[in-house]
């Protein structure tokens with residue numbers, strides 16, 4: 001009976017340690033910031049969403065972002081209305097998502113302060129269309145806190161975004177900036 005009691009205690013402790021280790025590898029935020037920028041001679045268009053949800057697994061390198069399309073804020077309300085109704089059809093396609101992996105995970109020391117160049121590869125879904133995406137950026141470790149910053153470009157036509165203003169007042173390519181501080 002004593003051996004069984006020791007086995008149960010050992011299994012319990014192993015499970016508790018394993019749970020703590022897994023929890024230490026998973027990081028999340030509900031305040032990741034995603035900005036897109038379009039620049040043409042006619043005008044610049046910029047919008048930001050500061051309520052993206054992101055999860056990062058520092059053990060596997062899995063990284064995920066989900067953003068509600070109608071959460072993008074523009075300086076010009078009319079642009080915001082056209083963006084949601086005409087270009088993104090946000091009632092029909094309410095969210096965008098990136099699911100990927102940090103491909104150079106072994107080069108990042110999550111337990112040591114520093115700025116580490118990072119590469120991610122995955123699938124970006126916008127308007128229900130998924131496309132492969134590769135992005136570079138930095139993972140910054142400061143006193144155990146993890147933050148990331150990445151800037152990459154996408155082609156609007158790759159995601160079925162169309163309209164008479166594409167190529168005229170809206171660029172064919174958008175610059176996307178992602179910043180996130182994880183809990």
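For this structure, a couple of remarks:
- Distance between modelled label sites at residue 177 and residue 157, nm, 7 Å Cα→Cβ extension: 2.8 nm
- Mean Cβ neighbour count within 10 Å, used as a protection proxy, ranking 148-159, 37-48 highest first: 148-159, 37-48
- Relative contact order for the stretch 104-183: 26 percent, from Cα pairs under 8 Å spaced at least 6 residues apart, divided by residue count.
- Helix 2-25 and the longest principal axis of the C-alpha atoms of the chain enclose an angle of approximately 20°.
- In the chain, Cα pairs under 8 Å separated by at least six residues give a relative contact order of 21 percent.
- Gyration tensor (Cα) of the chain, equivalent ellipsoid semi-axes in angstrom: 40, 18, 14
- Amide N of the stretch 29-49 lying under 13 Å from the label point, which is placed 7 angstrom from the Cα of residue 147 along Cα→Cβ: 32-33
- If R0 equals 22 Å, the separation of the Cβ atoms of residue 140 and residue 60 corresponds to a calculated FRET efficiency of about 0.65.
- Note on residue 111/residue 30: beta-carbon distance plugged into 1/(1 + (r/R0)^6) with R0 of 22 Å gives a FRET efficiency of 0.35.
- Distance from the stretch 27-46 to the stretch 50-76 (C-alpha centre basis), Å: 12 Å
No value in this document is a laboratory result; all are computed from the given coordinates. It should be emphasised that the depicted structure is a prediction, and the values quoted were computed from it without experimental measurement. All Cβ positions, glycine included, derive from the backbone under ideal geometry; neighbour counts span all protein chains shown.
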